[in-house]
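Please read the structure below before turning to the comments.
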Amino acid sequence: MTDLFTLAISAILINNIILSKFFGMCPFLGVSRKTSSAIGMGAAVLFVIVGASCITYGLHYLVLVPLGIEYMQLITFILVIASFVQLTEIIIKKFSPVLYKSLGIYLPLITTNCAVLFVAKDNITQGFNISEMLTYSFSVPLGFMLVLYIFSAIRERLDSSKVPASWVGNPIALVVAGLMAIAFTGFAGLV
């Protein structure tokens, strides 16, 4: 149980997918203007990563390995991820049109979000068992959501602050992202 807790804390804080690996930067910069959009995107990414990871993990060990076609892993994983993103888009459009509109183009871009594919492949590469795979697949998007929420809260404050004209928009956002990455390195000695 302590191994799973360590894996979760590591994925959420220490090896955060955005701040240490720089995956998922497109939604990180694009959807982080409002905290409500950040939470919505984080929930969508959570759903896609957990669902896609479970299916790709099963497909790898139950279909690809027994048939000796592990070389089909990448295309199989991409198809599963694209399907989950389409399902997520349909669900959000049906139940929350406001969130669907606020996420805009960034919702279908989850398909090409390298964080989703990274987690699916990393579950296989690391040799995780089912409980480790579930813990990791749930923790990585939680870390994504945490950082996205913190960043969106900071950006909301920045929008109401006086910032030099040349720093308005993405320049100050990237500086803040860099400072957040430095701050999160402080968690390295935690586990």
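A few points about this structure:
- The helices (runs of 4 or more DSSP H) located wholly in the stretch 1-97 that include 2 or more residues which are under 18 Å from Phe151 (Cβ atoms) and among the hydrophobic types (A, V, I, L, M, F, W, C) occupy 25-30, 35-59.
- Number of the exception - Val191 against (1) of a type outside the set (Ser, Thr, Tyr); (2) part of a helix (DSSP H, G or I); (3) in contact (Cβ under 8 Å) with a residue 60 or more places away in the chain: (2)
- Residue match in the stretch 165-178 (condition: hydrophobic (A, V, I, L, M, F, W, C), touching a residue at least 24 places away in the same chain (Cβ under 8 Å), assigned to a helix (DSSP H, G or I) and within 30 Å of Val80 (Cβ to Cβ)): yes
- Residue in the stretch 116-132 that is touching a residue at least 12 places away in the same chain (Cβ under 8 Å), within 30 Å of Arg157 (Cα to Cα) and in a helix (DSSP H, G or I) present: yes
- Count of residues meeting criterion [surrounded by 18 or more Cβ atoms within 10 Å (Cβ to Cβ) and not aromatic (Phe, Trp, Tyr)] in the stretch 65-88: 5
- Top-ranked residue in the stretch 103-125 [being surrounded by fewer than 18 Cβ atoms within 10 Å (Cβ to Cβ) and among the polar types (S, T, N, Q); ranked as nearest to the chain's Cα centre (by Cα)]: Thr112
- Criterion (closer than 30 Å to Ala8 by Cα, among the hydrophobic types (A, V, I, L, M, F, W, C), at pLDDT 90 or above and more than 18 Å from the chain's Cα centre (by Cα)) met by exactly one of Leu179, Leu190: Leu179
The values are calculated or read from the model by the stated rules, or taken from the named source; none is laboratory data. Computed from a predicted structure; not experimentally measured. Here Cβ is always computed from backbone atoms with ideal geometry, including for glycine, and neighbour counts include all displayed protein chains.
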